[in-house]
């Protein structure tokens, strides 16, 4: 009977150890990715992939579409119903389909200084019809008149001349529903 070579046994043990070490390194790197990830950066990654995502708000409302811009405090989503601006801190979850892949989400969004207030102010010259909503609230709909430092002015639909002053900090979402 032939005696096993001790070097073969040692080589096999080293291969097992190397494989286990490689698995630990991969898990550690994946964990590091998640430790450093931000929701805004993940949204930017999905925008670059032109992936369809579902954004679920804290009150359970869901919006589906493709992310076209990410700012310091919002994401702009284009879906079947048009354009919606969603405040990031009102989001509960961002759900990507298979084409979205697993974004690393470890960078500062390129538009990090652009805020929801800035995005809405950019719409002001067109005076579009918009719908605005706070978390858990009913939407207000009307024509965007102007945007101030912390408030927007909306001429309400259906109420002859009624104007609403909406606190920007309370907005969860704003949807463009038509043009001026």
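Shape of the range 127-180 from the C-alpha gyration tensor: rounded (a/c under 1.5, with a ≥ b ≥ c the square roots of its eigenvalues). Quick check: the distance between the Cα centres of the range 125-177 and the range 59-100, to the nearest angstrom? Centre-to-centre (Cα) distance: 19 Å. A simple spin-label model places the labels of residue 78 and residue 127 2.6 nm from each other, with each point 7 Å out along Cα-to-Cβ.
Computed extension gain for residue 170 through residue 24, at 0.36 nm per residue and net of the alpha carbon distance, reaches 48.1 nm.
Throughout, read-outs are computed from the coordinates displayed, never taken from laboratory work. A quick note: this is a predicted structure, and the numbers were derived from the prediction, not measured. Please note: Cβ atoms are built from the backbone with ideal geometry, for glycine as well, and neighbour counts cover all protein chains shown.
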